[in-house]
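A.B. asks: Sharing a structure, written as structure tokens. Questions coming.
The values are calculated or read from the model by the stated rules, or taken from the named source; none is laboratory data. In this text, all values refer to a predicted model and were calculated from it rather than measured experimentally. Cβ placement follows ideal geometry from the backbone for every residue including glycine, while neighbour counts extend to all protein chains displayed.
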Amino acid sequence: MDAQTSLPNLPTYADVLAAAERIRPYALQTPVLTSRTADAESGAQLFFKCENFQRMGAFKFRGAMNTLAQFSAIQRQAGVVAFSSGNHGQAIALAASILGIPATIVMPHDAPASKIAATAGYGGKIVHFDRYTEDREQICAAFVEQHGMTLVPPFDHPDEISGQGTAALELLQQTGPLDALFVSLGGGGLLAGSLLAAKALAPACKTYGVEPEAANDAQQSLRAGKIVLIAPPRTIADGAQTQHVGHYTFAIMRRDVEDILTVSDPELIDCMRFYAERMKMIVEPTGCLSLAAVRKHKQQLRGLRVGIIVSGGNVDLSRLGQYFA
Ligand SMILES: *Cc1c(COP(=O)(O)O)cnc(C)c1O
């Protein structure tokens, strides 16, 4: 895939600030937690931005709300369609219901049951597809053509990116400047938005994206200087099973990211256990990417102030049992 080198309307820090104003009435200001145990283990001062406590349980509510709040009257009436391995669908369904917009969510048949149930609970109409044999983009395109719906992609959209950036914006407002920031990475919306906020508020802060080892398409893309497409990856981090990053997200990460790191599924499980046992919170596998990378690279982080975006907390309790068995 060729990455466009210059894209019109790349979002900026000003867009992140505007998004923060726009979503303020709807989104929660999530807490920043600290842990003496985590600090002692890592030798750094860690600040956990707990988006697992955001509405619908992940940062994705921010991007969804920022995008849907800017729909025209015509778009609102025809409704929104989204495809998602889970949290994006929930976020669109919840934001749409708050704004009174009809939402259709196209989901993989093997998405976690809790995510499917929650999406339906937020009022989204669910359409299933097989992620290994069917093309979800074609399915969505049919809804757009036949019903005039607006497709909202999960990450490669300026309004999604600037909405997601409000999590890092808040974190930096809550903690002051950080030396490093670790962000979980699927398609790169959260990372791109975080980079916009961090570059403006803490220019010296080194920001890292973290992917599952089996889904290291962004790392490959960064090394290759162009967007690399991978086969559907198998990892417990279902929110980061993307096959490629976006054009907008890649343009921003290429410009601003310090590096992209990877961690293994067992390292994610160790972090889920740490969060549950020591910090008394449930974090989904994808939400553990950032901490897993901090633990892996702690030698280089000694004495530093480090931000960790805990991106989400939606996990089936039955699967949680398997992970901890
Ligand atoms: C979507 C998601 C991610 C990845 O976000 P991108 O913007 O696709 O990089 C990370 N963690 C959780 C919990 C998510 O839902």
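A.B. asks: Output the number of the condition that ILE161 fails; it satisfies all remaining conditions of (1) within 18 Å of the chain's Cα centre (by Cα); (2) not in a helix (DSSP H, G or I).
C.D. replies: Every condition holds for ILE161 apart from (2).
A.B. asks: So, in the range 242-279, how many residues would count as being within 15 Å of the ligand (Cβ to nearest atom), assigned to a loop (DSSP other than H, G, I, E, B) and surrounded by fewer than 18 Cβ atoms within 10 Å (Cβ to Cβ)?
C.D. replies: Matching residues across the range 242-279 total 1.
A.B. asks: Within the set of pairs 6 or more residues apart or between chains, which connect a residue that is in contact (Cβ under 8 Å) with a residue 12 or more places away in the chain and assigned to a loop (DSSP other than H, G, I, E, B) inside the range 47-60 to a residue that is of a type in the set (Ser, Thr, Tyr) and within 12 Å of the ligand (Cβ to nearest atom) with Cβ atoms less than 7 Å apart?
C.D. replies: Qualifying pairs under 7 Å: PHE59/SER311.
A.B. asks: Next question. I need every pair where a residue in the range 222-248 that is within 23 Å of PRO285 (Cβ to Cβ) and of a type in the set (Ser, Thr, Tyr) has its Cβ under 7 Å from the Cβ of a residue that is at pLDDT below 95 and more than 12 Å from the ligand (Cβ to nearest atom), sequence separation at least 6 or different chains.
C.D. replies: none
A.B. asks: Among the small types (Gly, Ala, Ser) and out of contact with any helix residue (DSSP H, G or I) (no Cβ under 9 Å at 6 or more places or on another chain), is that true of ALA192?
C.D. replies: no
A.B. asks: Still on this structure, please answer the following. Among (1) within 14 Å of the ligand (Cβ to nearest atom); (2) outside any loop (DSSP other than H, G, I, E, B); (3) at pLDDT 95 or above; (4) under 24 Å from LEU46 (Cβ atoms), which single condition is GLY239 missing?
C.D. replies: Every condition holds for GLY239 apart from (3).
A.B. asks: Determine the pairs where a residue that is within 12 Å of GLY313 (Cβ to Cβ), located within the range 263-291, has a partner that is within 13 Å of the ligand (Cβ to nearest atom) and charged (D, E, K, R) with Cβ atoms under 9 Å apart, the partner being 6 or more residues away or on another chain.
C.D. replies: Qualifying pairs under 9 Å: MET272/GLU284; GLU284/ASP238; PRO285/ASP238; THR286/ASP238; GLY287/GLU51.
Table: residues versus (1) surrounded by fewer than 22 Cβ atoms within 10 Å (Cβ to Cβ); (2) modelled with pLDDT under 95.
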{"position": "GLN146", "(1), (2)": "yes, yes"}
{"position": "ALA167", "(1), (2)": "no, no"}
{"position": "GLN174", "(1), (2)": "yes, no"}
{"position": "LEU191", "(1), (2)": "no, no"}
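A.B. asks: Follow-up question, since we're still on this one. Give the residue that is nearest to GLN300 (Cα to Cα), with candidates limited to residues of the range 210-236 that are of a type in the set (A, V, I, L, M, F, W, C), away from the ligand (no atom under 12 Å from the Cβ) and not in a loop (DSSP other than H, G, I, E, B).
C.D. replies: For the range 210-236, the residue satisfying everything is LEU222.
A.B. asks: In the range 32-60, what residues are within 10 Å of the ligand (Cβ to nearest atom) and in contact with a Leu (Cβ under 8 Å, 6 or more places away or on another chain)?
C.D. replies: Let us first name the residues in the range 32-60 that are within 10 Å of the ligand (Cβ to nearest atom), namely 51-52, 54, 56-60.
Correct list: GLN54, MET56, PHE59.
A.B. asks: If we keep just the residues of the range 39-53 that are more than 19 Å from THR286 (Cβ to Cβ) and over 19 Å from the mean Cα position of the chain (by Cα), which is surrounded by the fewest Cβ atoms within 10 Å (Cβ to Cβ)?
C.D. replies: The selected residue is ALA40.
A.B. asks: Would you say GLY193 is more than 14 Å from GLY239 (Cα to Cα) and either part of a strand (DSSP E or B) or near the ligand (Cβ under 9 Å from one of its atoms) (or both)?
C.D. replies: Here the answer is yes, as GLY193 does meet what is asked.
A.B. asks: Right, VAL183: assigned to a strand (DSSP E or B), under 26 Å from LEU17 (Cβ atoms), within 14 Å of the ligand (Cβ to nearest atom) and touching a residue at least 40 places away in the same chain (Cβ under 8 Å) or not?
C.D. replies: In short, yes.
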